[in-house]
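Undergrad: One structure, pasted below without further comment.
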Amino acid sequence: MADQAGAKKSVRLATACTECQRRKQKASTRPCSREWPCNHCHARRIAHLCKFDPKKVLKASKPVSNDLRTPDTPSRNNADPEPDSLSSNSVSTIAVGDGFRRLGYLRDDENLLGEGAEQYRSAAISPNHHGSISSEMEKAIRSIPPKPYTDMLVQHFLSDMNEQYYCLYPPTFSHDYSTWWMGKAKGQTLTPEFTCLLLHVCACTVLYLDPEARQKLESELGESCQSLAEQYHHTAKQLSSTIAPGKGGLVQVQQLFLNAVWYKTEALFVGSWHALGAAIHEAQESSSKAKVSEFEREMRRRIWCILYTWDWQMSLFLSRPFIINSNYCSFELPSIRLETSDSGADVPSPITHIVLECQLGQTISTIPGVMGGIITPIQAISVQQEIEKWFDSFPPPYRLMDPDTHWDNSHYYVTMQRHQLHAIGYVVMLMPLKPCLTKDVDHGKPSIEKSLRPTAVDCALKLMESARQLLAHMLPANAKFHFAPFLIFDTAAFLCSAVIHDSSRSLPQRDKVVEAIGLALNALEQISHSTKTGAICYAVLTRLASSTPLSPEEKVSVSSISPEGSLDGPPTPATQPGLNTLAGDAYASPSSNFNLSFPLGLTPSEITGLSDIPNIDLGELGQIWDWDNLDLGFSNPAII
């Protein structure tokens with residue numbers, strides 16, 4: 001999927017695009033801007049139909065910069081949008097077509113692309129109309145739930161889940177989805193790769209449904225959502241194994257990526273990392289030199305950018321080498337123009353945060369040793385400087401200080417992206433500083449840990465606040481979004497270690513550190529009833545915090561933090577219930593099999609002492625977290 005030839009200049013064409021020619025767009029009114037996507041196709045959200053005759057080249061235009069560090073944006077034709085152009089609200093709103101006709105359903109003959117759709121070849125229908133269907137394909141088609149339920153799941157994915165990573169472009173996916181059902185009804189040959197993609201969309205979405213939708217689905221389909229998700233996932237994997245490497249194209253890479261998303265949603269982090277590797281390898285196999293449309297090229301840039309971003313982040317969290325070696329693979333960053341209009345160029349694209357995170361990965365990968373999966377305190381200053389430059393490059397809606405929030409209500413994903421970007425920056429900045437929190441400081445001797453300790457504490461506190469704000473924004477609909485809860489747990493655990501090692505009580509900002517530990521406990525307690533990972537994090541942190549030596553005043557400070565205040569953050573949308581309701585049974589999964597009060601079977605009298613901490617079963621959390629990182633010296637009786 002990567003462009004091995006490196007960046008290429010975009011070409012300005014002498015004639016209007018084929019779509020403007022087909023629509024007979026008069027040059028005397030609003031001429032085609034003659035750059036992809038042109039002003040008219042961009043306004044109508046049909047960039048996939050915007051094509052130019054490659055034989056009629058006039059001159060090469062200046063390359064479009066995708067580097068979000070530069071405040072200037074490339075100039076383009078500022079013609080007013082057409083009267084019938086779609087609004088610049090969320091792309092998902094456009095994609096689902098008036099809220100699936102406000103009933104959650106799409107008609108079989110729905111044409112979401114409008115006029116000119118015949119020029120777009122759907123990825124759902126195979127051009128080969130002969131040959132027998134495989135048993136895996138037959139099983140996969142039968143596994144797709146009835147259309148009304150599939151419509152509901154697809155709508156939920158496009159309007160909510162997709163904005164976390166933006167791996168699917170809603171207009172084309174919606175068209176292919178409608179075409180898949182029409183092809184099924186007509187007995188046409190369906191492609192296995194799109195069928196796999198549809199199954200993985202269903203598998204991921206089922207796990208994120210709100211209680212009301214989950215209860216409706218389970219009662220009418222007669223199976224638990226967990227069982228349905230596993231069924232869709234395993235069926236998709238079986239069918240995917242029949243597709244030869246490099247033959248499924250972009251759709252195959254997308255469905256393999258959603259396979260990794262499914263594992264991550266289930267807190268199977270190592271499995272997700274391996275699934276990510278399969279998606280990356282498929283993308284590399286699919287990066288042929290065959291001519292593709294500019295839209296197809298842009299979609300390939302986007303999915304490769306997502307894969308690269310996941311690669312560097314998961315590799316660092318799992319302390320593993322990067323799968324993608326940037327030294328041998330160059331690629332272009334995707335454009336962010338598809339989702340922004342001429343009249344509102346400052347509206348962030350849903351993929352902006354991925355582009356920014358990709359840029360950060362490219363930057364830190366040049367620091368020696370980082371690509372090996374380990375960052376040491378010696379590299380802390382270099383990492384900090386690069387991340388501060390990265391923070392300074394943010395567009396106004398994502399700034400650390402005084403961000404522009406006027407898009408937060410109309411574009412829900414902007415708030416999520418802002419908090420996620422802040423958390424990503426601070427977590428990478430804290431990585432090489434963690435040993436500074438877990439070492440006994442000798443005040444009579446200079447050391448790198450001693451000099452960096454104030455920075456480490458400050459970074460940890462900022463990370464805790466960013467992670468809490470991200471969690472507050474994601475809940476309650478996305479309770480299985482593990483990134484924010486894990487950051488809260490991991491950061492609080494290292495702060496507990498810092499207090500344990502602070503025998504001289506000279507820890508910088510000790511009062512704020514103690515307060516942050518209390519906030520973390522209450523935040524995790526609120527989600528301990530909705531996810532198994534949250535329950536494990538809460539129980540383990542409870543054990544660790546109860547063993548932390550605190551003064552009577554500090555203990556009062558921790559216990560005085562109310563659950564309602566632990567997830568204070570930006571106001572949540574009016575459609576979401578209060579965050580404090582997460583402690584109730586309304587958000588407990590029907591299949592939950594863990595104790596709601598003390599998930600690991602601990603009683604208040606038992607959660608004291610550190611001697612048996614190494615024997616605690618961390619479950620899936622143990623794949624990415626190790627007690628040894630806290631340097632508590634379990635063999636040292638003085639610390640125990």
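No value in this document is a laboratory result; all are computed from the given coordinates. Remember, predicted model here, so these are calculated numbers, not experimental data. Neighbour counts run over all protein chains shown; Cβ positions are idealised from the backbone, glycine included.
Undergrad: Pairs 51/184; 450/512; 186/237: which exceed 22 Å Cα-Cα?
TA: Long pairs (Cα-Cα over 22 Å): 51/184; 186/237.
Undergrad: Same structure, new question: Taking the Cα-to-Cβ direction at residue 227 and at residue 374 and moving 7 Å from each Cα, how far apart do the two end points lie in nm?
TA: 4.7 nm
Undergrad: Let me ask something else. Between residue 147 and residue 393, what length comes free when the chain is fully extended (0.36 nm per residue of separation minus the Cα-Cα distance, one decimal in nm)?
TA: Difference between extended and current length: 84.1 nm.
Undergrad: Can you tell me which of 491-501, 316-326 comes out highest on packing, and rank the rest after it, using the mean Cβ neighbours within 10 Å?
TA: 491-501, 316-326
Undergrad: Can you tell me, using C-alpha contacts under 8 Å and at least 6 residues apart, the relative contact order of segment 439-558 as a whole percent?
TA: Across segment 439-558, relative contact order equals 27 percent.
Undergrad: Sticking with this one: To the nearest 0.05, what FRET efficiency results for residue 244 and residue 319 with a Förster distance of 30 Å applied to their C-beta separation?
TA: The computed FRET efficiency comes out at 0.35.
Undergrad: Ok, one more. Tell me, rounded to the nearest percent, the portion of alpha carbon pairs in segment 432-541 spaced more than 24 Å apart.
TA: Of all Cα-Cα distances in segment 432-541, 28 percent exceed 24 Å.
Undergrad: Can you compute the FRET efficiency between residue 366 and residue 291 using 1/(1 + (r/R0)^6), with r the Cβ-Cβ distance and R0 = 41 Å? Round to the nearest 0.05.
TA: The value I calculate is 0.80.
Undergrad: Long-range amide H contacts for residue 125: which residues qualify at under 5 Å (H placed 1.01 Å from N, peptide plane, sequence gap of 5 or more or a different chain)?
TA: So residue 125 has HN proximity to 191.
Undergrad: In nm², what is the average projected area of the convex hull enclosing the Cα atoms of segment 375-505?
TA: Over all viewing directions, segment 375-505 projects a mean Cα-hull area of 8.9 nm².
Undergrad: Order these by the 10 Å Cβ neighbour count, fewest first: 448, 351.
TA: If I rank by nearby Cβ atoms, fewest first, I get 448, 351.
Undergrad: Oh, and also: What is the packing order of peptides 417-425, 215-223, 242-250, taking the mean over residues of other C-beta atoms within 10 Å and listing the highest first?
TA: 417-425, 242-250, 215-223
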